[in-house]
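First the structure, in the form of structure tokens, and then the observations on it.
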Amino acid sequence: MLRRLSDIPKLVVTALIVFAIINLLIGVVLRYFVGAITDWLDVDPVPFTWVEELGEMALAWLTLIGAAIGVQQRSHFTLAVFVHTLSPGVQLWIHRFNHALIVGIGVLAAYYGYKLCLLNRTLSTPGLEINLAWLYASSVVGGILIAVYGFAMMVSPPPQDDPSH
């Protein structure tokens, strides 16, 4: 059950990547091909400002959920210059401190994202008139996921170095 629950953000990011690619392709076709045809036929152009709005929303959600997945999978860049020379107890406390910082950043992102949602809940995008709170909700969801995954990493033991590297 927990594994299936943790797969939801990965499925959402996959769907967002596919959506963003299709959205970009539609934008290219509308801008360069349909635009050229409407110019040639001397008819009104097809509006495509909505492509940018959807792309911006997809990118925001993709970035923040993807960052949380990176925390969960321990795939973010780390630089261990001298930590490996310290005692295992000190290494554990450094590991916990680092992940406590990650939790704090996630909580801050969620908190300020929520405040932005409240501030912009009456505004909408110009093309599709989507409530701008949906854009800022990405930082709420991403921040909460970052905090939850950071906390899970904080209470779990640090990964052991592979002796083959």
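The values are calculated or read from the model by the stated rules, or taken from the named source; none is laboratory data. Since the structure is predicted, the reported quantities are computational estimates derived from the model, not experimental observations. So basically every Cβ, Gly included, is an ideal-geometry build from the backbone, and we count neighbours across all protein chains shown. In case anyone asks, the SASA skips ligands and DNA or RNA and just uses the protein heavy atoms, side chains included. Shrake-Rupley method; radii C 1.70, N 1.55, O 1.52, S 1.80 Å.
Overview of values
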read-out: Subset of segment 139-158 (residues that are open to solvent by less than 80 Å² (accessible area, probe 1.4 Å) and part of a loop (DSSP other than H, G, I, E, B)); value: 156, 158
read-out: Within segment 78-97, tally of residues that are among the polar types (S, T, N, Q) and in contact (Cβ under 8 Å) with a residue 40 or more places away in the chain; value: 1
read-out: Matching residues, segment 68-111, being polar (S, T, N, Q) and under 15 Å from residue 146 (Cα atoms); value: 72, 73, 75, 98
read-out: Condition broken by residue 44, with the remaining ones in (1) free of Cβ contacts under 8 Å to residues at least 40 places away in the same chain; (2) open to solvent by 100 Å² or more (accessible area, probe 1.4 Å); (3) assigned to a helix (DSSP H, G or I) satisfied; value: (3)
read-out: Filtered residue count, segment 112-138, keeping only those that are assigned to a helix (DSSP H, G or I) and surrounded by 14 or more Cβ atoms within 10 Å (Cβ to Cβ); value: 12
read-out: Residue within segment 74-92 that is surrounded by 13 or more Cβ atoms within 10 Å (Cβ to Cβ), modelled with pLDDT of 90 or more and either within 22 Å of residue 110 (Cα to Cα) or among the acidic types (Asp, Glu) (or both) present; value: no
read-out: Selected residue [modelled with pLDDT of 95 or more and either open to solvent by less than 90 Å² (accessible area, probe 1.4 Å) or out of contact with any His (no Cβ under 7 Å at 6 or more places or on another chain) (or both)] from 5, 30, 16; value: 16
